[in-house]
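Below is one structure, written out as structure tokens; the observations come after it.
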Amino acid sequence: MKAVVMVVVVMVAVVGAALITAPDNTNLNTPKTMDYQPQQIHIAVGDTNTAMVVTWVTLDNTTTPSVQYGVEGFTREVEGATRLFKNWDLERRKVWIHRVTLKDLKPDTRYVYRCGSSYGWSAAFTFKTWKAGTDWPVSVAMYGDMGADNAQSLPRLQLETQDGMYDAVIHVGDFAYDMHTDGGRVGDAFMREIQSIAAYVPYMTCPGNHEEYFNFSNYRARFSMPRHEDTESMFFSWDMGPVHFIAVNTEAYYFLQYGMKPLSRQYQWLVEDLEAATRPEVRAERPWIILFGHRPMYCSNNDKDDCTKENCRTRVGLPLIHAPATQSSPHCLRYAMEPLLDQYGVDLAVWAHEHSYERLWPMYNFTVLNGSMEEPYTNPRGPVHLTTGSAGCREIHDHFVPEQPYWSALRSIDYGYTRLTAHNNTHLYWEQVSDDKCECTAASDTQRHILTLALQHQTPDPTLQHQTPSTAASDTQHCSIRHPAPHSHPCTAASDTQHCSIRHPAPLLSPLHCSIRHQHCSIRHPAHTLTLALQHQTPGATLSPFKVE
């Protein structure tokens with residue numbers, strides 16, 4: 001028996017050695033299959049709203065890339081440029097990324113297009129350009145933290161985009177999980193998955209922490225946002241109807257191994273952009289300012305992320321640069337963003353990073369600034385923060401601390417995404433869609449998935465100092481922001497009672513005022529000073545201290 005065992009061992013060893021040392025003669029004479037077919041096709045608005053940038057990938061190099069397009073057939077052709085991209089790992093896998101910019105497009109016009117080269121063409125896609133001016137409703141989907149795996153919100157977003165629900169889709173950082181993984185193949189798979197969205201409407205982005213690998217190389221190479229030749233899609237802004245959208249790179253506050261220049265340059269640009277957007281004549285025409293970036297300033301999740309801390313970097317600035325503030329320069333030395341949101345009257349700040357949904361009361365510096373107890377989002381005195389990072393990825397959910405903070409209005413760990421519509425200069429509406437409630441198979445089903453947001457239908461008691469925690473069941477169906485139109489009364493139609501709102505009085509009726517507490521002049525319109533009820537705390541619980549200006 002022992003001899004048999006020895007023979008078997010020897011035979012296994014010999015076979016194993018043969019497997020290791022024998023040369024691989026398979027396919028030595030077979031040529032590599034070349035792949036020139038366009039894939040991962042996506043579009044983004046250009047430096048102006050009359051331009052659209054088409055970006056795609058081929059796995060092998062081609063002839064000069066071009067896009068054929070037109071209103072009735074492929075009547076025009078524009079050539080672009082190609083960039084060789086190597087994933088920064090041991091494999092050094094290559095792909096070729098192609099960009100073509102379509103210029104001088106007509107507003108409110110549907111175009112058909114296809115992209116490729118003489119080596120191969122894509123299928124035909126369509127997009128519709130945005131309307132000119134500001135007097136038209138803007139509808140976008142917003143979410144972050146969607147991966148190539150477990151992308152729970154992807155099927156519904158695909159259907160809704162194909163049904164024409166959105167003018168753009170905004171991905172608030174963290175893609176694929178991660179785009180550089182497996183030589184970039186995970187990024188390729190993700191970009192193919194979103195093609196049925198991103199090839200039809202502008203797919204607008206900002207970087208997240210999962211894009212950091214090798215100085216955000218995959219993100220900077222794959223996306224083509226406005227001014228991408230200058231900022232490589234890291235920060236930018238664009239106008240869309242009555243809204244001025246601003247994308248920022250929150251990661252510049254955390255990955256300091258890449259130097260201070262990304263942060264200082266972005267901060268200087270942000271101040272200049274906000275100053276331009278809030279010039280009286282500009283804001284009268286385009287009143288809404290929505291800023292989005294990956295990492296929140298506030299959150300009540302049960303992890304140790306920076307947004308759970310009082311001195312969150314994006315909010316108060318870098319910890320090593322807390323130089324003494326002066327009255328003329330209260331925050332620029334530390335690159336704090338929150339004072340800018342307040343100073344320039346940013347209406348809405350949208351974040352992701354936390355794999356959950358959370359809506360805050362209007363606030364600044366942990367001070368709740370509701371417009372009133374009855375209508376907290378009517379004429380608020382601080383920005384409104386939303387975190388929408390639950391579109392689905394391999395890291396599943398981020399849960400919350402048991403006790404809901406006084407500044408948090410609604411929390412949910414359901415998978416989902418945000419729909420946002422700026423109806424006009426006076427009404428902004430948003431709703432959170434839950435992907436967990438049931439299987440949505442028709443457009444009419446979507447109303448069953450809306451996570452409720454507002455508290456308007458609860459009858460407020462002026463003497464009440466605390467109320468039951470906010471829950472989806474007790475909230476109304478959606479939430480919105482309002483600016484009343486100049487020289488008109490607030491809308492009183494029955495349908496308007498279905499949501500809460502944020503209002504700014506007409507500009508001519510609301511002069512600028514200086515806030516002593518903030519040590520700077522604020523563009524935000526004045527509001528009545530009211531006692532706020534903590535509507536989310538359990539009856540009988542001890543009130544958490546908070547400040548009301």
For this session: Ignoring everything but the protein chains, give the 1.4 Å probe accessible area of T33 in square angstrom, nearest 10.
Result: 120 Å²
Exercise. If the chain between D35 and R76 were fully stretched, how many nm would it gain, using 0.36 nm times the residue separation less the Cα-Cα distance?
Worked result: 12.2 nm
Seminar exercise, completed: Packing-ranked peptide list from 426-434, 291-299, 56-64, highest mean Cβ count within 10 angstrom first, is 291-299, 426-434, 56-64
Exercise. Using 1/(1 + (r/R0)^6) with R0 = 25 angstrom and r between the beta carbons of R192 and R265, what's the FRET efficiency to the nearest 0.05?
Worked result: 0.15
Exercise. In terms of Cα to Cα distance under 17 Å, which aspartates and glutamates are near enough to K304, apart from those fewer than 8 places away along the same chain?
Worked result: E251, E354, E358, E395, D398, E403
For this session: Have a look at V316, S264, P376 and report the one farthest towards the positive end of the charge dipole of segment 238-381, computed about the Cα centre with Cβ charges (Lys/Arg +1, Asp/Glu -1).
Result: S264
Exercise. How much of the DSSP beta bridge set in segment 22-170 is antiparallel, as a percent to the nearest 5?
Worked result: 90 percent
Seminar exercise, completed: Eigenvalues of the alpha-carbon gyration tensor of segment 130-257, times 5 and square-rooted, give semi-axes in Å, largest first, of 24, 19, 11
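Report in % the part of the accessible area of segment 212-370 that belongs to carbon and sulfur, leaving out ligands and nucleic acids; probe 1.4 Å.
Roughly 50 percent of what the probe reaches on segment 212-370 is carbon or sulfur.
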Problem set entry | With every protein chain in place, segment 42-177: carbon and sulfur % of accessible area (1.4 Å) | 48 percent
For this session: Mind checking the full-extension length gain between N215 and V112? Use 0.36 nm per residue of separation minus the Cα-Cα distance, one decimal, nm.
Result: 33.5 nm
For this session: Treating only the Cβ atoms of Lys and Arg (+1) and Asp and Glu (-1) as charged, compute the dipole magnitude of segment 54-159 about its Cα centre; round to the nearest 20 debye.
Result: 120 debye
Exercise. How much solvent-accessible surface does I396 expose, in Å² to the nearest 10, with a 1.4 Å probe and all protein chains in place?
Worked result: 80 Å²
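Please report the net charge: other residues with Cβ closer than 12 Å to the Cβ of G241, K and R +1, D and E -1. Before the final figure, lay out the partial values.
Working: positive: K131, R286; negative: D108, D135, D167, D239, E285.
Once positives and negatives cancel, what remains is -3.
Calculate, for Y258 and N365, the FRET efficiency according to 1/(1 + (r/R0)^6) with r their C-beta to C-beta distance and R0 35 Å; round to the nearest 0.05. Present the calculation step by step, with values, prior to reporting the outcome.
Working: r = 29 Å, r/R0 = 0.82.
Here the calculated transfer efficiency is 0.75.
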Problem set entry | Chain lengthening between A132 and T64 when straightened (0.36 nm per residue, less Cα-Cα) | 21.2 nm
Problem set entry | Residues in segment 356-395 that a label on D163 would reach, taking backbone N under 18 Å of a point 7 Å out along Cα→Cβ | none
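Calculated FRET efficiency, A123 and N311, Cβ-Cβ r, R0 56 Å, to nearest 0.05? Mind dumping the intermediate values first?
Numbers: r = 51 Å, r/R0 = 0.91.
Step by step, r from the Cβ atoms, then E = 0.65.
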Seminar exercise, completed: Between the modelled labels at A284 and K86 (7 Å from Cα along Cα→Cβ) the distance in nm is 5.7 nm
Exercise. Once the whole set of protein chains is in place, how much accessible area is left on R394, using a 1.4 Å probe, in Å² to the nearest 10?
Worked result: 120 Å²
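The values are calculated or read from the model by the stated rules, or taken from the named source; none is laboratory data. Computed from a prediction, not measured in an experiment: that's the story for all the values here. Cβ atoms come from the backbone with ideal geometry, glycine included; neighbour counts cover every protein chain shown. Quick note on the areas: whole protein, heavy atoms, side chains included, nothing else; ligands and nucleic acids left out. Shrake-Rupley method; radii C 1.70, N 1.55, O 1.52, S 1.80 Å.
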